[in-house]
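Q: Take a look at this one; I'll ask things after.
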Amino acid sequence: MRRLQTTRGFYRNYIKNSYEDAHRASKEGRPVAWVASTFPVEMLQAIDVVPVWPENYASVCAARQVSVRLCEAAEREGFSRDLCSYARCVLGSIFGEKDLPEGGMPKPDFLVASTGACDTHFKWFQVASRRLKRPLFLLDIPYDTAGSELEGHQVGHYVAQLEGLVSFLEEQTGRKFDMNRLKAVERLSDRTSKLWLEIQDCRKAIPTPMGARDAFSAVFFMLCVPGTEMAVEFYRRLRDELKERVGNKIGVIEDERYRLVWDNLPMWFNLRFFDYLNSLSAVVVAETFSHVWTGNLDISKPLESLARKYLPNFANAVAERRIDLLLRLAKDWSVDGVVLPTNWGCRMMSIGMTVIKEVVYEKLGVPSLIIDVDSSDWRNYNEAHVKTQVEAFIEILSKRD
Amino acid sequence: MRVLEQFRTLLSTRHEVARNWKSRNKPVVGWTCTYTPEEILHAADIMPVRILGSSGSTRLADAYCPDNMCSFCQSCFDTTLKGDYDYLDGYVASNSCDNRGKMYDLWKHHAKHSYIHLINTPHTNTERAHGFFYDELVRFKESLEKAFGTPISDQSLRKAIKVYNDNRTLLKKVYDLRREDPPLISGVEALQIVLSSMLTPKDEHSKLLSRLLREVPSRSNPPKSGVRLLVSGSVIDDAELLRIVEAVGGRVVADDLCTGSRYFWDLVDSDVESPLLAIARRYLDKVPCPFTYQSEDRFRHVMDMAKRYDVEGAIIFVLKFCDTHMFDAPLLKEELESSGLPVLYLEWEHAMTGIAQLRTRIEAFIEMIRGVR
């Protein structure tokens with residue numbers, strides 16, 4: 001398997017750095033906020049608040065193999081073992097555990113969350129806010145019913161709340177919110193998103209130049225710091241490398257036989273799983289996770305365009321939204337099979353998989369494999385069992401060749 | 001007491017009760033979340049019934065539901081797959097919690113109701129959220145008018161508000177029968193009364209409540225005194241769980257359940273000019289479910305209940321995989337304990353597996369309270 005040049009040392013160069021920056025900001029008295037996924041981070045960047053992503057931190061702890069110790073710390077405080085492992089891991093990190101990766105997350109001046117990913121996200125932020133005695137701003141996001149409603153009162157409701165957020169941010173930072181600054185951030189965010197989608201488009205090539213392991217690292221910019229020069233510059237380099245690979249027909253693996261879509265999260269504690277797939281001549285060419293954070297921004301309507309970027313989201317939506325995305329990925333990326341991982345502590349990722357599997361097969365004849373895993377708690381993952389399922393699935397695919 | 005038996009009968013014959021209504025050529029619509037404004041259905045002469053699970057395994061639903069899904073939702077879905085709800089003319093869904101939101105997908109795909117509507121439910125109760133929910137209720141009302149051909153006027157909404165408020169007021173009076181020691185009705189009886197209210201035409205139910213209130217002071221077999229307990233949790237749709245508590249020396253005198261006080265505690269303000277806006281406000285401002293941002297309001301309600309009903313301890317019954325309750329539970333436990341009340345936290349499965357172990361823990365908890373009396 002051939003890893004990319006651009007993503008080499010990604011953790012050290014970018015993720016580790018981001019925590020060091022945040023700790024430095026905190027020490028210097030610059031405002032730091034904890035941000036939950038699907039929150040329009042551009043709003044924070046526009047007023048120079050340093051964003052820290054607990055969700056990212058949980059994946060870091062999992063990759064560093066310490067997430068279970070932190071989950072157990074949360075369980076000792078009474079939080080059920082059946083809760084999201086991201087949530088338990090992050091809560092565990094604020095309950096006095098020692099030896100935290102990157103020295104832990106800096107204590108926030110305030111927290112911001114949205115209901116747009118799942119119940120878990122904002123409930124966990126609510127607990128953190130109470131325990132850390134720091135204020136929480138919550139965006140109440142309408143459920144995405146994948147219909148025409150987006151045009152009407154949903155956008156209005158979102159924009160009205162962003163106006164409330166402006167006041168909250170001004171109050172917290174003592175600064176004035178500058179719409180022109182927001183526009184500048186959005187211009188970069190829009191550019192980031194377009195480049196990231198170009199990168200995804202490169203992966204349509206056969207053989208595909210980039211697999212899931214690199215994608216799950218590189219998505220960091222799209223997800224956490226989209227409106228920055230650094231993100232644009234990095235994605236430009238990554239896109240160029242992929243284009244070159246595509247031109248020279250260099251794939252992630254030499255014997256690419258099975259092209260897969262991976263839905264939602266990986267097992268952060270076991271990213272080598274993707275190498276294992278490669279060893280079976282299978283390669284992940286697209287992830288729903290790489291697409292959900294993207295979106296164009298029209299800077300002439302800075303607030304409304306954030307609503308339009310963040311409202312459609314398969315995590316906070318009826319199944320059709322997710323099915324449409326999977327169908328598009330399966331078709332346009334010439335996919336042979338779909339992997340649908342469930343997640344023990346996540347209802348959004350676990351319920352309704354059978355419906356998705358059925359519809360994708362009906363519409364495209366592409367089979368899916370449902371595997372029971374967990375993003376950060378390896379106690380909920382039975383590797384031998386999952387590998388048996390994967391190998392049986394690959395065998396089915398081999399007979400369809 | 002005959003009247004108490006009638007509530008029990010309504011519960012055990014709930015499908016027949018609904019079919020009777022249908023035999024008069026009137027529609028029946030199922031709902032799942034207590035944030036569903038039943039008044040709007042009532043105003044269209046539709047009988048709303050809460051979709052509940054049934055006891056035992058969920059063999060049919062197991063084919064579609066993962067193990068880490070709320071077992072109550074699974075049981076509801078199984079009951080539908082079995083055909084027990086075939087008489088329904090429609091289904092009103094909610095995105096209120098993740099389990100329920102996802103249940104909508106399963107329902108839509110597998111249960112082929114001609115009418116299915118999802119009410120987009122906010123997680124906050126700010127003025128903006130009220131406005132958003134009002135718009136959602138207008139859409140809900142219009143969809144009902146279109147599907148069932150019955151126009152819903154402000155006047156019929158006002159009438160429905162009155163019918164529902166009357167029932168709520170009576171239920172509250174029934175709850176107050178539990179302030180005495182021993183209480184005049186048991187926890188099991190109280191639960192059966194509230195559950196039957198969700199499954200019976202409201203006027204009929206209110207008549208029974210009035211009769212109960214008249215007759216109960218002279219009941220010949222009042223419950224015995226026991227350790228006065230509050231139970232908190234999401235759904236308890238089968239009295240068996242409370243029967244266990246009351247069989248080992250507990251007496252459930254107060255609750256914070258969505259099949260209990262959270263269902264009826266708050267009234268719709270009948271002075272507001274727009275009945276739909278009054279309804280929107282009532283549902284978002286009521287004693288909240290933990291899927292909302294207003295956890296502190298719920299904690300306050302629990303503390304008020306504990307005081308009002310003079311309880312000696314609390315049991316938090318959390319249905320497994322109910323995320324929002326699981327996040328709130330340690331905080332609620334903290335609040336209750338800091339006011340000096342002992343708390344037992346229990347996770348349970350709707351199918352009541354592992355019930356022997358639960359019983360042992362409940363028994364030990366009650367013994368412990370007795371010991372410090």
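The values are calculated or read from the model by the stated rules, or taken from the named source; none is laboratory data. The structure displayed is predicted, hence computed values, not measured ones. Counting neighbours? That spans all protein chains shown, and the Cβs are built from the backbone with ideal geometry, glycine included. For the accessible areas, the whole protein counts, side chains as well, though only heavy atoms, and no ligand, DNA or RNA atoms are used. Shrake-Rupley method; radii C 1.70, N 1.55, O 1.52, S 1.80 Å.
Q: How would the protein assembly as shown be classified by its alpha-carbon gyration tensor: rounded, prolate or oblate, with rounded meaning a/c under 1.5 and the a/b versus b/c comparison settling the rest? Show your work: numbers first, answer last.
A: Numbers: a/c = 1.72, a/b = 1.64, b/c = 1.05.
Cα axes put the protein assembly as shown in the prolate bin.
Q: What does the charge add up to near residue B:41, with Lys and Arg as +1, Asp and Glu as -1, over the other residues with Cβ less than 12 Å from its Cβ? Display every interim value, and only then the final one.
A: Numbers: positive: B:26, B:50, B:141, B:202; negative: B:38, B:39, B:45, B:89, B:145.
Value of the local net charge: -1.
Q: Rounded to the nearest 20 Debye, what is the dipole magnitude of chain A about its Cα centre when Lys and Arg each give +1 and Asp and Glu each give -1 at the C-beta?
A: Values: 53 positive and 54 negative charges, 150 e Å.
For this selection, approximately 720 debye.
Q: Assuming 0.36 nm per residue, please report the length gained on full extension of the stretch residue A:2 to residue A:171 beyond their Cα-Cα distance. If you can, show how the numbers build up before the last one.
A: Numbers: separation 169, 0.36 × 169 = 60.84 nm, distance 4.95 nm.
Length gained between residue A:2 and residue A:171: 55.9 nm.
Q: Still on this structure: Which value, in Å² rounded to 10, gives the accessible area of residue B:138 with a 1.4 Å probe and all protein chains present?
A: About 40 Å², ignoring ligands and nucleic acids.
Q: Cα centroid distance between the stretch A:74-95 and the stretch B:77-147, in Å?
A: 32
Q: Which of the GluC sites (Glu not before Pro) found in the stretch A:231-280 are loop residues per DSSP with 11 or fewer other Cβ atoms within 10 Å of their Cβ?
A: Details: sites: A:233, A:241, A:244, A:254, A:256; in loops: A:254, A:256.
The qualifying sites are A:254.
Q: Also: Taking the 0 to 90 degree range and rounding to the nearest ten, how far is the long axis of helix B:2-12 tilted relative to the main principal axis of chain B, both from C-alpha atoms?
A: So the inclination is approximately 60 degrees.
Q: In the full protein assembly as shown, how much of residue A:349 is accessible to a 1.4 Å probe, in Å² to the nearest 10?
A: About 10 Å², ignoring ligands and nucleic acids.
Q: Would you mind getting me the FRET efficiency between residue B:173 and residue A:69? Use the beta-carbon distance for r and R0 = 35 Å, nearest 0.05. Before the final figure, lay out the partial values.
A: On the way: r = 53 Å, r/R0 = 1.50.
The value I calculate is 0.10.
Q: Could you give the Stokes-Einstein D for the stretch A:10-174 in µm² per second, using the C-alpha Kirkwood radius, 20 °C, 1.002 mPa s?
A: Numbers: Rh = 16.7 Å.
For the chosen part, D equals 128 µm²/s.
Q: Relative to the longest principal Cα axis of chain B, at what angle does helix B:187-197 sit, 0 to 90 degrees, rounded to 10?
A: 0
Q: At 1.4 Å probe size, with no ligands or nucleic acids counted, give the accessible surface of residue A:387 in Å², nearest ten.
A: For residue A:387, solvent-accessible area is about 60 Å².
Q: Distance between Cα centroids, the stretch A:134-190 to the stretch A:364-387: provide it in whole Å.
A: Cα centroid of the stretch A:134-190 versus Cα centroid of the stretch A:364-387: 36 Å apart.
Q: Next up: What's the average, rounded to a whole number, of partner chain beta-carbon atoms within 10 Å of each residue's beta-carbon in A:14-27? It would help to have the intermediate numbers written out before the result.
A: Values: counts 0, 0, 0, 0, 0, 0, 0, 0, 0, 0, 0, 0, 0, 0.
Per residue, the number of nearby Cβ atoms from other chains is 0 on average.
Q: Starting at the first residue of the stretch B:17-27, write each ³J(HN,Hα) from the Karplus equation 6.51 cos²θ - 1.76 cosθ + 1.60 with θ = phi - 60°, in whole Hz, x for Gly and Pro.
A: 4, 5, 5, 4, 4, 5, 5, 8, 6, 10, x
Q: Report relative contact order for chain A in percent, whole number only (criteria: Cα-Cα under 8 Å, sequence separation at least 6). Spell out each step's value before the answer.
A: Numbers: 677 pairs, mean separation 76.7, N = 401.
Relative contact order comes out at 19 percent.
Q: Using the Cα atoms of chain B, I'd like the radius of gyration and the largest Cα-Cα distance, Dmax, both in angstrom.
A: So, for chain B, Rg and Dmax equal 19.9, 62 Å respectively.
Q: What distance in nm separates the two pseudo spin-label positions at residue A:187 and residue A:364, each 7 Å out from Cα along the beta-carbon direction?
A: 3.7
Q: Within the set of other residues whose C-beta is less than 12 Å from the C-beta of residue A:131, count the net charge using Lys and Arg as +1 and Asp and Glu as -1.
A: With Lys, Arg at +1 and Asp, Glu at -1, the neighbours total +2.
Q: To make sure I understand the rule: partners must be aspartates and glutamates, Cα under 12 Å from the Cα of residue B:320, and not fewer than 8 residues away in the same chain. Which ones qualify?
A: A:82, B:67, B:347, B:349
Q: Ok, one more. Only Cα pairs under 8 Å and at least 6 apart count here; give the relative contact order of chain B as a rounded whole percent.
A: Values: 593 pairs, mean separation 69.6, N = 373.
Relative contact order, chain B: 19 percent.
Q: Starting from the Cα of residue A:30, step 7 Å toward the Cβ, then list every residue of the stretch A:192-227 with an amide N under 14 Å from that point.
A: No residue qualifies, since no backbone N sits under 14 Å from the label point.
Q: Hey, can you grab everything whose amide H is under 5 Å from the amide H of residue A:139? Only 5+ residues off in sequence or another chain; H modelled, so Pro and N-termini drop out.
A: Long-range HN contacts for residue A:139: A:113, A:114, A:115.
Q: With springs connecting C-alpha atoms under 10 Å apart, model chain B as a Gaussian network and identify which of B:189, B:38, B:334 has the largest mean-square fluctuation.
A: Looking only at B:189, B:38, B:334, the biggest GNM fluctuation is shown by B:334.
Q: Could I ask something else about it? Gaussian network model of chain B, Cα springs within a sub-10 Å range: biggest mean-square fluctuation belongs to which of B:124, B:34, B:200?
A: Most flexible of the set in this elastic network: B:124.
Q: Around residue B:245, with a cut-off of 12 angstrom between Cβ atoms, what is the net charge of the other residues, counting Lys and Arg +1 and Asp and Glu -1? Kindly include the intermediate steps, with their values, before the conclusion.
A: Working: positive: B:228, B:243, B:251, B:359, B:361; negative: B:240, B:246, B:255, B:363.
Counting the neighbours of residue B:245, the net charge comes to +1.
Q: Moving on to the next point. If a/c stays under 1.5 just call it rounded; otherwise compare a/b with b/c (prolate if a/b is bigger, oblate if not). Do that for the stretch A:199-273, with a ≥ b ≥ c from the square roots of the Cα gyration tensor eigenvalues. Kindly include the intermediate steps, with their values, before the conclusion.
A: On the way: a/c = 2.39, a/b = 1.17, b/c = 2.04.
In terms of gyration-tensor shape, oblate.
Q: One quarter of the convex hull surface, Cα atoms only: what value does that give for the stretch B:47-195 in nm²? Walk me through the intermediate numbers first.
A: Details: hull surface 46.6 nm².
Over every viewing direction, the Cα hull of the stretch B:47-195 projects on average to 11.7 nm².
Q: Suppose we take every Cα in chain A and form the convex hull; what volume per residue is that in Å³?
A: On the way: hull volume 51.6 nm³, N = 401.
Spread over its residues, the Cα hull of chain A gives 129 Å³ apiece.
Q: Just tell me how shielded B:113-126 is by partners: mean number of partner chain Cβ atoms within 10 Å of each residue's Cβ, no decimals. Please list the in-between numbers first.
A: On the way: counts 0, 0, 0, 0, 0, 4, 1, 8, 2, 6, 11, 6, 1, 5.
Shielding by partners across B:113-126 averages 3.
Q: Shifting gears a bit: Per-residue Cβ counts within 10 Å, from other chains only, averaged over B:327-335: what number is that? Each step should come with its number before you reach the end.
A: Values: counts 14, 3, 3, 8, 5, 1, 1, 3, 0.
Other-chain Cβ atoms within 10 Å of each residue's Cβ, averaged: 4.
Q: For the stretch B:220-373, report the convex hull volume of the alpha-carbon atoms normalised per residue, in Å³, without decimals.
A: Numbers: hull volume 21.3 nm³, N = 154.
That works out to 138 Å³ per residue.
Q: Quick check: pseudo-label points 7 Å beyond the Cα along Cα→Cβ at residue A:276 and residue B:207, how many nm apart are they?
A: 6.5
Q: Now a separate question. If you wrap the stretch A:18-111's Cα atoms in a convex hull and average its projection over all directions, what's the area in nm²? The partial results should precede the final answer.
A: Working: hull surface 24.4 nm².
For the stretch A:18-111, the mean projected area of the Cα convex hull comes to 6.1 nm².
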